[in-house]
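Read through the structure below, which is laid out as structure tokens, and then see the notes.
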Amino acid sequence: LLRVGVLGCGPIAQAAHFESCAKARNAELHAICDVADDLRDRMAATHAPRRAFADYDAMLADPDLEAVIIATSDAFHVEAARRALRAG
């Protein structure tokens with residue numbers, strides 16, 4: 001299974017990405033990341049990822065993480081993608 005991390009726990013992730021990871025036969029929701037503690041904790045309780053992070057770089061440093069879905073506001077996509085690419 002492809003171990004996926006989702007950056008951002010807001011409406012887009014809730015409407016599509018968490019469920020897609022759960023339904024995919026070849027992927028699993030390995031990690032979630034959001035700076036908002038209350039939102040991250042609620043989504044972790046609801047979707048049961050293996051790990052939950054407040055810090056994106058900490059999630060990217062997880063040696064088990066294989067892919068990232070960037071579910072933040074569009075203005076943050078480029079920098080988040082660059083950081084993911086640098087992390088491998």
Check your understanding: Which condition breaks for Leu29 when tested against (1) in contact (Cβ under 8 Å) with a residue 40 or more places away in the chain; (2) outside any helix (DSSP H, G or I)?
Key -> (1)
Practice item. Please indicate, with yes or no, whether at least one residue in region 74-82 is in a loop (DSSP other than H, G, I, E, B), of a type outside the set (Gly, Ala, Ser) and out of contact with any Leu (no Cβ under 6 Å at 6 or more places or on another chain). Key: no
Review point. Taking into account only those residues within region 43-88 that are open to solvent by less than 60 Å² (accessible area, probe 1.4 Å) and among the hydroxyl-bearing types (Ser, Thr, Tyr), which is farthest from Lys23 (Cα to Cα)?
Key: Tyr56
Exercise for review: Would you mind stating whether Val35 is of a type in the set (Val, Ile, Thr) and part of a strand (DSSP E or B)?
Suggested key: no
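Yes/no matrix, rows are residues, columns are (1) modelled with pLDDT of 95 or more; (2) within 12 Å of the chain's Cα centre (by Cα); (3) of a type in the set (Ser, Thr, Tyr); (4) under 17 Å from Gly10 (Cα atoms):
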residue: Ile32; (1), (2), (3), (4): yes, yes, no, yes
residue: Asp37; (1), (2), (3), (4): yes, no, no, yes
residue: Arg40; (1), (2), (3), (4): yes, yes, no, yes
residue: Met43; (1), (2), (3), (4): yes, yes, no, yes
residue: His47; (1), (2), (3), (4): yes, yes, no, yes
residue: Ala61; (1), (2), (3), (4): yes, no, no, no
residue: Ser73; (1), (2), (3), (4): no, no, yes, yes
residue: Phe76; (1), (2), (3), (4): no, no, no, yes
residue: Leu85; (1), (2), (3), (4): yes, no, no, no
Study note, to complete from the structure: Of (1) closer than 11 Å to Arg3 by Cα; (2) open to solvent by less than 40 Å² (accessible area, probe 1.4 Å), Asn26 fails just (2)
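The values are calculated or read from the model by the stated rules, or taken from the named source; none is laboratory data. From a predicted model like this one, the values you see are computed outputs, not experimental measurements. Positions of Cβ are generated from backbone atoms using ideal geometry, with glycine treated the same way; all protein chains shown enter the neighbour counts. Just the protein is used for accessible areas: all its heavy atoms, side chains included, with ligands, DNA and RNA removed. Shrake-Rupley method; radii C 1.70, N 1.55, O 1.52, S 1.80 Å.
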